[in-house]
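Can you read through this structure? Questions will come right after.
The values are calculated or read from the model by the stated rules, or taken from the named source; none is laboratory data. This is a predicted model, so every value here is computed, not measured. With ideal geometry, Cβ positions are generated from the backbone for all residues, glycine too; neighbour counts draw on all protein chains shown.
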């Protein structure tokens, strides 16, 4: 097991990053320091870590507002906190947004990763007791047919600007391992779901639209298939990799839980009806088929045998329980939802963080 002392988490105010910080601080025996670096763009939310700041702030948890493309700022953070571990979540991640505005994805996902790698290489030098862990996606592998799975050695075949930018960053990470001997690990995960998820992705969007009785948009014929992974299980896997994974290796993280989009939406409608006291089919009338998006991959499915066999990881939350837990979280956290939906959160960021640079 590696000795981790000062962990820099990029994108720690986002959905998966904030859940990772909470997991590490509350569910592991880690006694070191976590430094959350986030630029607080639209999907970053400091409200997602209020409990962590209250319990650990200024002792073992620190926040730095910074753009990962800002080399000077990142260098200052490395020096200030003596960083020995990077867990790199920060990314532009929504496929639809990458189609309408790809430039931001190239900047953050490619150049931002390059900047972090360069600073790590220069700050750490020839050290081997350090680690750069890069969090990536199954979308880099492209699209599957009706059968088969993505393995760690599946050739890359990205189909959207988002997945192409993540594939580029993956290759950069491994190039730094082979060229500069930078200690790295990498993970490719399937679709995450759970609390604190920004409502542009399928599950939180459907939950909130159901609550407002708005249309539930489903692309194409709705038969695109995704593998769903509870966010806490994803983060327990990342924790296993950064502690015990082999340097220079990649690990697939999956839920082994495939759903057609339309079947999932129907199930969400039924579970929401259960919690709100409506008839089982009440919300299904809101389902609306819309024009498919360009380059929409048909099926993703991850094989994660390597992670299970080598590191002893396994999923701990089955989908029915995980989805109910997610729904209950959204039903119980209207304040968080309202700040995100109203735009008040970004105003709060401007007032509280922008001036600090």
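Mind checking whether some residue in the stretch 74-94 is closer than 29 Å to residue 333 by Cβ, over 21 Å from the mean Cα position of the chain (by Cα) and touching a residue at least 24 places away in the same chain (Cβ under 8 Å)?
Taking every residue of the stretch 74-94 in turn, none turns out to be closer than 29 Å to residue 333 by Cβ, over 21 Å from the mean Cα position of the chain (by Cα) and touching a residue at least 24 places away in the same chain (Cβ under 8 Å).
Quick one: in the stretch 31-70, of everything that is part of a helix (DSSP H, G or I) and without any contact (Cβ under 8 Å) to a residue 24 or more places away in the chain, which residue is farthest from residue 11 (Cα to Cα)? Before you say what the answer is, go through the steps one by one.
Pass one, the stretch 31-70, residues part of a helix (DSSP H, G or I): 46-56.
Next cut, without any contact (Cβ under 8 Å) to a residue 24 or more places away in the chain only: 50, 53-54.
Working: 50: 16, 53: 16, 54: 19 Å.
Within the stretch 31-70, the match that is farthest from residue 11 (Cα to Cα) is 54.
For the stretch 100-109, state whether one or more residues are within 26 Å of residue 311 (Cβ to Cβ) and part of a loop (DSSP other than H, G, I, E, B).
Looking through the stretch 100-109, none of the residues is within 26 Å of residue 311 (Cβ to Cβ) and part of a loop (DSSP other than H, G, I, E, B).
Enumerate the strands (runs of 3 or more DSSP E) found wholly within the stretch 217-333, keeping only those where 2 or more residues are within 20 Å of residue 185 (Cα to Cα) and touching a residue at least 12 places away in the same chain (Cβ under 8 Å).
Strands (runs of 3 or more DSSP E) meeting the threshold: 250-253.
This table checks each residue for (1) surrounded by fewer than 18 Cβ atoms within 10 Å (Cβ to Cβ); (2) within 21 Å of residue 200 (Cβ to Cβ); (3) at pLDDT 95 or above; (4) over 21 Å from the mean Cα position of the chain (by Cα).
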{"position": "294", "(1), (2), (3), (4)": "yes, yes, no, yes"}
{"position": "297", "(1), (2), (3), (4)": "no, yes, no, no"}
{"position": "303", "(1), (2), (3), (4)": "yes, no, yes, no"}
{"position": "314", "(1), (2), (3), (4)": "yes, no, yes, no"}
{"position": "321", "(1), (2), (3), (4)": "yes, no, yes, no"}
{"position": "334", "(1), (2), (3), (4)": "yes, yes, no, yes"}
{"position": "340", "(1), (2), (3), (4)": "no, yes, no, no"}
{"position": "345", "(1), (2), (3), (4)": "no, yes, no, no"}
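So residue 194 clears everything in (1) surrounded by fewer than 20 Cβ atoms within 10 Å (Cβ to Cβ); (2) touching a strand residue (DSSP E or B) at 6+ places or on another chain (Cβ under 9 Å) except one condition, right? Which one?
Checking residue 194 against (1) surrounded by fewer than 20 Cβ atoms within 10 Å (Cβ to Cβ); (2) touching a strand residue (DSSP E or B) at 6+ places or on another chain (Cβ under 9 Å), the one that fails is (1).
Results for (1) surrounded by fewer than 20 Cβ atoms within 10 Å (Cβ to Cβ); (2) closer than 16 Å to residue 39 by Cα; (3) out of contact with any helix residue (DSSP H, G or I) (no Cβ under 8 Å at 6 or more places or on another chain), shown as yes or no for each residue.
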{"site": "98", "(1), (2), (3)": "no, no, no"}
{"site": "105", "(1), (2), (3)": "no, yes, no"}
{"site": "118", "(1), (2), (3)": "yes, no, no"}
{"site": "128", "(1), (2), (3)": "yes, no, yes"}
{"site": "135", "(1), (2), (3)": "no, no, no"}
{"site": "148", "(1), (2), (3)": "yes, no, yes"}
{"site": "161", "(1), (2), (3)": "no, no, no"}
